[in-house]
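So the structure is just underneath, and the comments pick up after that.
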């Protein structure tokens, strides 16, 4: 099994990476502002499960497919960008306001928000390459099952991600309550969420493997 020193070094690297604002944090924060704390935690749960899926893929060598077959990377990348653009389109077209919806506006249940977070993570091949690049630096073949070590590392990454992004969700949902307490409901959080989806789609479509 991995030593405490190795786990501590990995945890430090994860904390530095997780605390740096990135696409996941931006998505979680905007979802929390637009629909509240439960929506933020549902998105975070989907992302955490997606991280476990990428870790499993790395454990069984599936992530190396993106390195061996470049077209596979591009297929997943553009599929993810298309999915994010679809979410942006649905968000912009919603009627009413997110914080004060009318009868014609769809308020997505937490289950659907969870699936959106999961699919957004799974359809991001850069996440697979991130796991493939970072985890092997801390895996010790002589310490036992490599697959088990990778899943332990994924658990450490998810635990730190939950703490950091959980704090972001609480702060963003507090902002959401402040907006909803205003006299005139605003569509700004809805536009913010749609813009985040569109921006992430462009970022993913234009990104390289490096």
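Quick notes
- Between region 115-168 and region 1-43, the alpha-carbon center distance in angstrom: 11 Å
- Residues 131, 152, 33 in ascending order of nearby Cβ atoms (within 10 Å, fewest first): 152, 131, 33.
- Ranked list, fewest to most other Cβ atoms within 10 Å of each Cβ, for 24, 74: 74, 24
- Footprinting exposure proxy for 151, 127 (fewest neighbouring C-beta atoms within 10 Å first): 151, 127
Where a number appears in this text, it was derived from the coordinates with a stated rule and is not lab data. As the structure is a prediction and not an experimental result, all values here were calculated from the model. Glycine also receives a Cβ, built like all others from the backbone with ideal geometry; neighbour counts cover every protein chain displayed.
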